[in-house]
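Comments concern the structure below.
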Amino acid sequence: MARTPFGSKGVEGEYAPSASMGSTGSGGLSAFIDQGSEFEGKLVFKDTVRIDGRFRGEISSENTLIVGETGEIEASIRSKTVAVSGSVTGDIVAATKVVLHKTARVSGNITTGSLVVEDGAEIDGQIKMGKSAAGSLKAVEGGAAKAPAPAPDKR
């Protein structure tokens, strides 16, 4: 499995992994932001990316985002599948599934077709899921990700 680590601290800009940078074209890991690394900007990718470092900005994916236990994300996320073991601050929109492992901490709204939450995971936000949520996610699957309108506050 090929992976492309981001080794520089404090890197800013836009990154879009391509086939020449380790993508397998079959959903393999196309990039890896390692623990101790920081990246700020817009991350757009087609395959799978794992983040164990810090990321701030926007993430848009046609496949899978994995947030490792040491991953700290401050971003709006739009992806087909999102698996979280670390910390995410920002809204998550996932066309297929969101998996929150026991060490996950999410502060933001989640919109997804399916949600798996392990005992111990923390969520601070609203959750919209199922077929009604999947209708608002068609733009994610087509690659032109757009966030659904926020749900009204019913407090």
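The values are calculated or read from the model by the stated rules, or taken from the named source; none is laboratory data. Every value quoted in this text rests on a predicted model; they were computed, and no experiment measured them. All Cβ positions, glycine included, derive from the backbone under ideal geometry; neighbour counts span all protein chains shown.
So here's what we get for this one:
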item	result
Hey, Glu40 at pLDDT 95 or above and surrounded by fewer than 21 Cβ atoms within 10 Å (Cβ to Cβ) or not	no
Count - residues of the stretch 96-114 that are in a strand (DSSP E or B) and crowded, with 19+ Cβ neighbours inside 10 Å	7
Residue count, the stretch 53-85 (criterion: of a type in the set (Asp, Glu), free of Cβ contacts under 8 Å to residues at least 24 places away in the same chain and farther than 18 Å from Lys102 by Cβ)	2
Answer from Ser132, Ser76, Ser85, Ser107 - the residue that is hydroxyl-bearing (Ser, Thr, Tyr) and modelled with pLDDT under 95	Ser132
